[in-house]
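Quick one: the structure is below, and I'll ask about it shortly.
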């Protein structure tokens, strides 16, 4: 009897995990993020260096992260809008 209860708890936990996974997957698809790894940056590193008047280094990486954040917030935004 105790084994049945333990098995039931495990099954319940698995069902909850499965439900969470499916909810997350659905949300990712609804937000249009299911192919996010295929998205190219609107502005490349050289352009960032020119716009921000930087010579390179870790500051470029910081700006690339900001660019990615902006692109995620404005998925239909253009490179020109991003540069502004």
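Normalising by the residue count of the range 28-84, find the relative contact order in percent from Cα pairs under 8 Å and 6+ residues apart.
37 percent
Over the residues of the range 1-80, compute the C-alpha Rg and express it relative to 2.2 N^0.38 Å. Before the final figure, lay out the partial values.
Numbers: Rg = 21.6 Å, N = 80, 2.2 N^0.38 = 11.6 Å.
Here the answer is 1.86, to two decimals.
If each of residue 81 and residue 66 carries a label point 7 Å out from its Cα toward its Cβ, how far apart are those two points in nm?
1.9 nm
Let me ask something else. Against the longest principal axis of the chain, how steep is helix 58-73, in degrees 0 to 90 to the nearest 10, with axes from Cα atoms?
For helix 58-73, the angle is close to 60 degrees.
Considering only C-alpha atoms, what is the centroid distance from the range 17-36 to the range 38-75, in Å?
Their Cα centres are 26 Å away from one another.
For the range 39-84, state the semi-axes of the equivalent ellipsoid (square roots of 5 times the eigenvalues of the alpha-carbon gyration tensor), sorted largest first and rounded to whole angstrom.
18, 11, 8
Quick one: helix 2-30 against the long Cα principal axis of the chain, what's the angle to the nearest 10°, folded into 0 to 90?
30 degrees
While we're on this one: Just from its helices, what would the mean residue ellipticity at 222 nm be for the chain, if runs of 4 or more DSSP H residues each count -39500 (n - 2.57) and the sum is divided by every residue, rounded to the nearest 500 deg cm²/dmol?
It lands at -22500 deg cm²/dmol.
In nm, give the distance between the simple-model label positions of residue 27 and residue 49, each being 7 Å from the Cα along the Cα-to-Cβ direction.
Rounded to a tenth, the inter-label distance reads 3.9 nm.
No value in this document is a laboratory result; all are computed from the given coordinates. Everything quoted here is computed from the prediction, not taken from an experiment. All Cβ positions, glycine included, derive from the backbone under ideal geometry; neighbour counts span all protein chains shown.
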